[in-house]
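The values are calculated or read from the model by the stated rules, or taken from the named source; none is laboratory data. As the structure is a computational prediction, the values presented were derived from the model and not from experiment. Virtual Cβ from ideal backbone geometry, glycine too; neighbours counted across all protein chains shown.
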Amino acid sequence: MLEEKALNIKKIYVALLNEGLEVWRPVKALQLSDSKYKILKDNEYDKESEQWEFPPGSIVMCEKKKIKEGVIKAAVCKIS
């Protein structure tokens, strides 16, 4: 955990596609700037069981988004 803090690794949320309702997956991401993040590869990522809007390795812009459970930092568009 201390190592993640030193590397500026944060939790962001990526939308899951084709779920029939709005579903957000918490993922680890390297913070590159205030709102820009690189989604890290994760052992739990299984493209056969879940379709992430932005796959691991994507650089995304995040915005605060209010959902039923509270406010999250959501990936909203892919930069590269």
Query - Any hit, the stretch 25-32, residues being under 14 Å from the mean Cα position of the chain (by Cα) and more than 20 Å from Asn8 (Cβ to Cβ) - result: yes
Query - Scope the stretch 55-80; condition within 14 Å of Ala29 (Cβ to Cβ), among the small types (Gly, Ala, Ser) and either in a strand (DSSP E or B) or within 10 Å of the chain's Cα centre (by Cα) (or both); matching residues - result: Ser58, Ala74, Ala75
Report summary line: Every listed condition ((1) in contact with a Lys or Arg (Cβ under 8 Å, 6 or more places away or on another chain); (2) farther than 23 Å from Lys68 by Cβ; (3) at pLDDT 95 or above) holds for Glu4 save (3)
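Which of the following residues is assigned to a loop (DSSP other than H, G, I, E, B), touching a residue at least 40 places away in the same chain (Cβ under 8 Å), exposed (fewer than 13 other Cβ atoms within 10 Å of the Cβ) and out of contact with any His (no Cβ under 9 Å at 6 or more places or on another chain): Glu22, Glu48, Glu44?
When all the criteria are applied, what remains is Glu22.
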Query raised in the report: How many of the residues in the stretch 50-80 are of a type in the set (Ser, Thr, Tyr) and in contact with an Asp or Glu (Cβ under 6 Å, 6 or more places away or on another chain)?
Result: 0
